[in-house]
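Below is one structure, written out as structure tokens; comments come after it.
Every read-out reported here was derived from the displayed coordinates using simple, explicitly stated rules and does not represent laboratory data. If you're wondering where the values come from, they're calculated on a predicted model, not measured in any experiment. Neighbour counts are summed over all protein chains in view; Cβ atoms, including those assigned to glycine, are modelled from backbone coordinates with ideal geometry.
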Amino acid sequence: MKLKSLARSLALATALTFGSMSGGHAWSLEEAAKPYAGTTVDVVFLLRPGYEAIEAMLPEFEKQTGIKINIIKHPYENALGEQVRDFVAGGDLDAALIDLVWIGNFAENDWVVPIDKFTSNAELADPELDMDDFFPLVLNAFGGWNGKLYGLPLDNYSGLLFYNKCMLKEAGFDGPPKTWQELKDVYGPKLTGNGKFAYALQSKRNETQSADSFARVLWPFGGSFLDKDFKSNLLSPESQAGLKFRQELLPIMPEGIVAYDHAETVNGFAQGDIAMITEWSAFYSSVKDSKTSKVADCVGIAPEPSGPAGRKPALGGFSLAVASQADEKEQAAAYLFIQWATSKANAKEYLERGGVPARKSVYELPGIAEKFDFVPALVESWQDGVPEFRPRFAEWPEITEIVQEWGTKIMLGEVSTEEGAKELGTRMEAVLEKAGYYDGKKPLAQ
């Protein structure tokens, strides 16, 4: 199967304007899908609530369209490698599931098709797509690269502070900490002891260490991975302040925290052993479900604490994009599925089933903020986040391995924050030099 052309001359806004009618008839999903009935779309899903939500909704899509969605499930840790192998081999995947930090890799390798190929097609483009209804930060961060839009955001996260209102009240607090320093110095001692812990920072050596632990303490303290010249910024006073602060959190966290992934962290909170965690919004349904959580009635949600540089919450999530290796019918069918799955019309049901949509309108509906009390904090975090919370260029998969190794060594006390940052920075710059960022072959874009 040959790659399809990525260039399209019509702008998205124009495409949507003229895409509202097809052959003189009002657009409908059923009519648009008729030429593709019987087509199977292969797509990777993760083992997370947002994907279970879409899977539960799929029978209605398949009934309306005759398109079969074949879901291949992977844990997050395997999803990138499995997709890369499929695309390199010219395999069967018709849609790509793209993490925030994979978008540069997928786009630069031409594994995915710019979405304007489909939004400029009046036969396929739903006039109710309403791109302006997506949060701009989320749409551009998850689906855009180098001025082009490839995917639409599906499973969208922001880092939030989950706190146990009952534990905090018993310790004399009437609300969560506003700053990281307050969390450590004021809340920490009163909430730690007798087998209970004030806080847990998921830090297992995989993307959890690099994204959820290491990066989380850089930005609020004014640090970053790279400076404006793409040199390591990890030895700056601000980055060092964040990394040292992480070490200072260890006494108020469970022993063995360096082996905690999301599951262990969320479960510790859900069992009532941990008073506060900073976790992705996608885990809201898990801690609020009395079937999986002993503290469902005690859960409070707030924005992540502020640091000296302000509130810089973790930003993460995925987009779905059409694979260039798919044939024309498969591409069209894949686009119709993506458009449907991320639609404004389906956002409320998706939310109610445990997903986190990136649609502004759903969070404005009456009663939504009261029913889902993470919404105000989530919406606030998406107003002004950090798209490059983890650099989004194609080299991140290689760099994250370095961050995981040396970030873990720092946490374990095997090296100092300075020693670890120096070695990490040296290795990171070697990757970037080889890739061509320092000799002008590649733009300094994240």
Self-check item: Alpha-carbon radius of gyration plus Dmax, which is the widest Cα pair, for region 35-90 in Å
Solution: 12.9, 36
Exercise. Give, to the nearest whole percent, the P(r) tail of region 277-352 beyond 14 angstrom, counting all Cα pairs.
Key: 75
Quiz item: For region 211-295, what ratio Rg/Rh do Cα atoms give with a Kirkwood hydrodynamic radius?
Solution: 1.08
Quiz item: Over the chain, what is the percentage of antiparallel beta bridges among all DSSP beta bridges, to the nearest 5?
Solution: 75
Quiz item: Distance in nm between label sites at Arg85 and Glu248, each 7 Å beyond Cα in the beta-carbon direction?
Solution: 4.5
Quiz item: Taking the Cα centre of the chain as origin and charging only Cβ (+1 Lys, Arg; -1 Asp, Glu), how large is the dipole, in debye to the nearest 20?
Solution: 420
Self-check item: Förster radius 35 Å - calculated FRET efficiency between Thr40 and Lys148 (Cβ-Cβ, nearest 0.05)
Solution: 0.80
Quiz item: In percent, how large is the relative contact order of the chain, given Cα pairs closer than 8 Å and 6 or more residues apart?
Solution: 25
Quiz item: What list do you get for Val415, Val88 if you sort them by fewest beta carbons within 10 Å?
Solution: Val88, Val415
Exercise. Have a look at Asn233, Asn70, Asn105 and tell me which one the Gaussian network model of the chain (Cα, springs below 10 Å) gives the largest fluctuation.
Key: Asn70
Quiz item: Expressed in nm to one decimal, what extension gain is obtained for the pair Asp373 and Glu108 from 0.36 nm per residue of sequence separation less their Cα-Cα distance?
Solution: 91.5 nm
Quiz prompt | Estimated dipole of region 305-369 in Debye, rounded to 20 [Cβ of Lys and Arg +1, of Asp and Glu -1, Cα centre] | solution = 400
Exercise. For Ser290 and Lys434, calculate 0.36 nm times their separation in residues minus their Cα-Cα distance, and state this gained length in nm to one decimal.
Key: 46.7 nm
Practice problem: Based on other C-beta atoms within 10 Å, arrange Asp94, Asp155, Asp384 from fewest to most. | Solution: Asp384, Asp94, Asp155
Quiz item: What is the fewest-to-most order of Glu108, Glu388, Glu349 by other Cβ atoms lying within 10 Å of their Cβ?
Solution: Glu108, Glu349, Glu388
Quiz item: Excluding Glu248 itself, what net charge comes from residues whose Cβ is under 12 Å from its Cβ, given Lys and Arg +1 and Asp and Glu -1?
Solution: +2
Quiz item: So which of Lys204/Lys371; Lys148/Lys329; Lys244/Lys371; Lys148/Lys441; Lys68/Lys204; Lys196/Lys244 end up more than 29 Å apart, counting from Cα to Cα?
Solution: Lys204/Lys371; Lys244/Lys371; Lys68/Lys204
Self-check item: CD proxy at 222 nm, helix term only [per DSSP H run n ≥ 4: -39500 (n - 2.57); per residue of the chain; nearest 500]
Solution: -10500 deg cm²/dmol
Quiz prompt | Cβ-placed point charges (K, R +1; D, E -1), dipole of region 34-131 about Cα centre in debye, nearest 20 | solution = 220
Quiz item: Taking the alpha-carbon centroid of each part, what is the distance from region 146-199 to region 85-110 in angstrom?
Solution: 34
Exercise. Please build a GNM for the chain, connecting alpha carbons under 10 Å apart, and tell me which residue among Gly272, Gly316, Gly38 fluctuates the most.
Key: Gly38
Practice problem: Relative to the longest principal axis of the C-alpha atoms of the chain, give the angle of the C-alpha long axis of helix 237-249, reported between 0 and 90° and rounded to the nearest 10°. | Solution: 70
Quiz item: Hey, how many Å between the Cα centroid of region 122-140 and the Cα centroid of region 203-224?
Solution: 31
Exercise. Using only the C-alpha atoms of region 327-384, find the volume of their convex hull and express it per residue in Å³.
Key: 93
Quiz item: Around Glu264, what is the net charge, scoring Lys/Arg as +1 and Asp/Glu as -1 over all other residues with Cβ under 14 Å from its Cβ?
Solution: -3
Quiz item: When the chain is modelled as a GNM with alpha-carbon springs shorter than 10 Å, which of Arg85, Arg246, Arg392 fluctuates the most?
Solution: Arg85
Quiz item: Any number yet on Rg/Rh for region 190-229, C-alpha, Kirkwood?
Solution: 1.16
Quiz item: Over region 290-434, what number does the Rg to Rh ratio reach, with both radii from the alpha-carbon atoms and Rh per Kirkwood?
Solution: 1.06
Self-check item: Dimensions in Å of the chain - Rg and Dmax from alpha carbons
Solution: 22.2, 71
